[in-house]
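Participant: This is the structure I want to talk about, given as structure tokens.
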Amino acid sequence: MRHSVRRGVVHCTASALILLSLGGVATAQRPVLKSIELCNGADRTSPDIQIDACTSLIDSGKQTPQTLVIAYNNRGNAYVAKGEYDRAVQDYDQSIKLSPTYSKAFNNRGVAFQKKGEYDRAIKDFDESIKLNPDYGNAFANRAATYQIKGEYERAARDYDEAIRLKPTLEAAWNGRCWSRAVVGELQAALADCNEALRLEPNVAATFDSRGLIYLKLGEWDSAITDYSSALRLDPKLASALYGRGLAKLKKRETIEGNADVAAAKELAANIAEEFVHYGVQ
């Protein structure tokens, strides 16, 4: 999984700045209201739009501390969307400095640390987010995903249990628990989780990839090939799906196609074979 796809990660959580109705508002206030709207993420065409709007509010010198807490958080989310994780962390730091009990900023900073590969720092932030808000399903799911990356699948599964209890429609948690259970060999329970994840969101490459692993471990080669092919239609460069499909084809003695998939997977992720040994598949 470290060389395939991130499973079970919930995107950074935004908070909404209070947006007053434009009706009857003085013309001078309209740019501010527009900035609030865009900082809230009203225009998703580019993270830069949200960054510019939040920056306008932050730099105005006229906003309340609570507005700044949310503006820094939301700008941090936009930086994460751009892959600028260091700048995101700096913004979350400012949000937390202004409001040390703001659980969303801790969760979001944890996501940024996770994407930077700083897994222990990420877990520490998720711990704090959960301490501040014990009913925060997203934070449980994100901590689970981080444990999963570290190979601590049983701890991941327990956190996914809690995320699902708190937020039963969270597809990422169902898929994440599916993967954790598949790796440790709880295949029927894993299959039920993947099926629920696909019911909630039918077009997620990572979930087809997870279910493909289950079928591979069950020896159901045709079903594995079908799911891995579905994953590749959605994400053609998903190394784990290419490698898994290649193994299933080789089991069916489709040697030429199987070897081609395996070779393509190794081009994308040189250690993919070692990863599958870790999953219990050779």
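Participant: Once semi-axes √(5λ) of the Cα gyration tensor in Å is worked out from the coordinates, which option in (1) 68, 16, 14; (2) 25, 22, 20; (3) 40, 19, 16 does it equal?
Facilitator: Given (1) 68, 16, 14; (2) 25, 22, 20; (3) 40, 19, 16, the calculated one carries the label (3).
Participant: Further question on the same structure: Excluding Asn107 itself, calculate the net charge of residues whose Cβ lies under 10 Å from the Cβ of Asn107, where each Lys or Arg counts +1 and each Asp or Glu counts -1.
Facilitator: With Lys, Arg at +1 and Asp, Glu at -1, the net is +1.
Participant: Explain nothing, just the number: dipole magnitude of the chain about its Cα centre with +1 on each Lys and Arg Cβ and -1 on each Asp and Glu Cβ, in debye rounded to the nearest 20.
Facilitator: Result for the chain is approximately 120 debye, rounded to the nearest 20.
Participant: Take the solvent-accessible surface of the protein heavy atoms, probe 1.4 Å, and return the percent of it on the chain that carbon and sulfur atoms account for.
Facilitator: C and S fraction of accessible area: 49 percent.
Participant: Here's another thing I want to ask about it. Would you kindly calculate the translational diffusion coefficient of region 90-198, applying Stokes-Einstein with the Kirkwood radius from alpha carbon pairs, for 20 °C and a viscosity of 1.002 mPa s, and quote it in µm² s⁻¹ without decimals?
Facilitator: After rounding, the answer is 154 µm²/s.
Participant: What lysines sit close enough to Lys97 to cross-link, taking a C-alpha to C-alpha distance under 19 Å and skipping anything fewer than 8 places away on the same chain?
Facilitator: Counting by Cα, and skipping residues close in sequence, Lys97 has these lysines nearby: Lys62, Lys124, Lys131.
Participant: Among Ala192, Pro134, Tyr119, pick out the residue whose Cα is farthest towards the positive end of the charge dipole of the chain, where Lys and Arg carry +1 and Asp and Glu carry -1 on C-beta, about the Cα centre.
Facilitator: Highest projection toward the positive end goes to Pro134.
Participant: Under a 1.4 angstrom probe, counting protein chains only, how are Trp174, Trp221 ranked by accessible area, largest first?
Facilitator: Trp221, Trp174
Participant: A further question follows. Residues of region 198-247: accessible area per residue at 1.4 Å, in Å²?
Facilitator: I get 40 Å² per residue for region 198-247.
Participant: So, one more: Pick from Arg245, Arg177, Arg143: which is most flexible by mean-square fluctuation in a GNM of the chain where alpha carbon atoms under 10 Å apart are linked?
Facilitator: With Cα springs under 10 Å in the chain, the top fluctuation among Arg245, Arg177, Arg143 is at Arg245.
Participant: As a quick test, which of the pairs Lys150/Lys252; Lys34/Lys104; Lys82/Lys115 have an alpha carbon distance above 22 angstrom in this structure?
Facilitator: In this structure, Lys150/Lys252; Lys34/Lys104 exceed 22 Å between Cα atoms.
Participant: How do 38-47, 70-79, 116-125 rank on mean C-beta neighbours within 10 Å, highest first?
Facilitator: Ranked by mean Cβ neighbours within 10 Å, highest first: 70-79, 116-125, 38-47.
Participant: Using the charge dipole of region 114-226 (Lys, Arg: +1 at Cβ; Asp, Glu: -1 at Cβ; taken about the Cα centre), state which of Pro168, Gln148, Thr226 has its Cα farthest towards the positive end.
Facilitator: It is Gln148.
Participant: Placing unit charges on C-beta atoms (Lys and Arg positive, Asp and Glu negative, everything else neutral), compute the dipole magnitude of region 106-258 about its Cα centre in debye, rounded to 20.
Facilitator: 320 debye
Participant: For n ≥ 4 DSSP H runs only, could you compute -39500 (n - 2.57) per run for the chain, divide by its residues and tell me the 222 nm figure to the nearest 500?
Facilitator: Estimated from H runs of four or more residues: -22500 deg cm²/dmol.
Participant: Could you work out how far the C-alpha centroid of region 177-222 sits from that of region 64-105, in angstrom?
Facilitator: Answer, in whole Å: 35.
Participant: Which three semi-axes in whole Å describe the equivalent ellipsoid of region 28-73, each the square root of 5 times a Cα gyration tensor eigenvalue, listed largest first?
Facilitator: Calculated on Cα positions only, the semi-axes equal 16, 12, 8 Å.
The values are calculated or read from the model by the stated rules, or taken from the named source; none is laboratory data. Here the structure is a predicted model, which means the values were calculated and not measured. Please note: Cβ atoms are built from the backbone with ideal geometry, for glycine as well, and neighbour counts cover all protein chains shown. Note: areas computed on protein heavy atoms with side chains; ligands, DNA, RNA excluded. Shrake-Rupley method; radii C 1.70, N 1.55, O 1.52, S 1.80 Å.
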